[in-house]
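Structure first, then comments.
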Amino acid sequence: MAGLIDLANPTRFMRLSAALLPWSTGVAGVLLSVGFYLAWFVAPADYQQGETIRIMFVHVPAAWLAMMFYTMMTLSALGTLVWRHPLADVAQKAAAPIGAAFALICLLTGAFWGKPMWGTYWVWDARLTSMLVLLLIYLGIMALWRTLDEPSQAGRAVAILTLVGFVNVPIIKFSVDWWNTLHQPASVLRLDGPTIHPSMLWPLLILAAGFTLMALTLHLVAMRAEIMRRRVRTLTILEAERLDRLATGNAPA
Amino acid sequence: MSGLGPHAGFILASYAAVAIVLGGLLASILLDYRAQKRALAKLEQRGAGRRAERESR
């Protein structure tokens, strides 16, 4: 908790993130390179899916990240509403487009896999529909940020919407267990262990780690940009007030 | 292409979608970062914050 409070200082966050960014970028690059090499040149074709298994190497990490970023945003929303952490709404605002991008990738790659495997790009089953709802919630949150000019006011409104929207995350995860869906049940995150052969599991896990680190790196950059945007806003207001005072002071009586 | 079997088009379309979406995300974040950095540098160069705070005292 003390570490979090230390990071609450935007100046300290800017310094720490600047030091961290080159390392996280480098490690993400290495993990993605190794992961894509294994996924394309080492992992065998699946006995049922054939070569379309290559789509799973990007589809599955995208689905995980879309849910992970929404969970991070929910924790940030609690940080905004309960602890009034000065960086919580910055983190939340920066995370929304990243989570939305991964939700979109999940839906697109799922559709491109679905057509040859299921015979359709889309079906209104619980897993696909709840992931589409997640994308729409992300877009709603991004739109809400733009409707209110005052960042702290927008942050509180978005935090409430984010908390309400979190109900969808467990629905996505357990939809394949609760309802009879065309989408297959979990094959990696299972209580009895993964059901995927290691030759396919390792590329998937390495790519998931690479995409996660890449997304967190982008999140840090977006947070830095948001902190600077707020500083620019404050300085612009101060400058405008100064010019206003000068104009009033010099105005003829 | 032939190494990817009969569904090569779907596999390549998936990776193209990943490249386009992530490329767009990366570009938008980096361009925004650069724009904010430039705007902040311009304001600080003019001494906007310091001057306003000094004069309001």
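What follows draws every value from the coordinates through simple rules; no lab data is involved. Since the structure is predicted, the reported quantities are computational estimates derived from the model, not experimental observations. Backbone-built Cβ (ideal geometry, glycine too); neighbour counts: all protein chains shown.
Quick look at the values:
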{"read-out": "Potential extension, A:E150-A:T248 segment - 0.36 nm per residue separation minus Cα distance", "value": "32.7 nm"}
{"read-out": "Most mobile of A:M223, A:M117, A:M72 in a GNM of chain A (Cα contacts under 10 Å)", "value": "A:M117"}
{"read-out": "Derived scalar couplings ³J(HN,Hα) [region A:42-53; Karplus, 6.51 cos²θ - 1.76 cosθ + 1.60; whole Hz; x for Gly, Pro]", "value": "10, 4, x, 5, 6, 5, 9, 7, x, 6, 5, 4"}
{"read-out": "Net charge of Cβ neighbours under 14 Å - reference B:I29; Lys, Arg +1; Asp, Glu -1", "value": "+3"}
{"read-out": "Spatial separation of Cα centroids for region A:130-192 and region A:81-113, in angstrom", "value": "9"}
{"read-out": "Average beta carbon contacts from partner chains per residue of B:15-26, 10 Å cutoff", "value": "6"}
{"read-out": "Label-point separation in nm, A:R15 to A:A143, each point 7 Å along Cα→Cβ", "value": "4.2"}
{"read-out": "Gain upon complete extension [A:Q48, A:T71; 0.36 nm per residue less C-alpha separation]", "value": "4.9 nm"}
{"read-out": "Computed label-point distance, nm, for sites A:T236 and A:V133 using a 7 Å Cα→Cβ extension", "value": "3.8"}
{"read-out": "Relative contact order (percent, whole number), region A:1-159, Cα cutoff 8 Å, 6+ residue spacing", "value": "21"}
{"read-out": "MRE, 222 nm, helices only [DSSP H, n ≥ 4, -39500 (n - 2.57), over the protein assembly as shown, to nearest 500]", "value": "-27000 deg cm²/dmol"}
{"read-out": "In Hz, Karplus ³J(HN,Hα) per residue of region A:13-22 (6.51, -1.76, 1.60; θ = phi - 60°; x = Gly, Pro)", "value": "4, 4, 5, 5, 5, 4, 6, 7, 4, x"}
{"read-out": "Cα convex hull of chain A - mean projected area over all directions, nm²", "value": "17.9"}
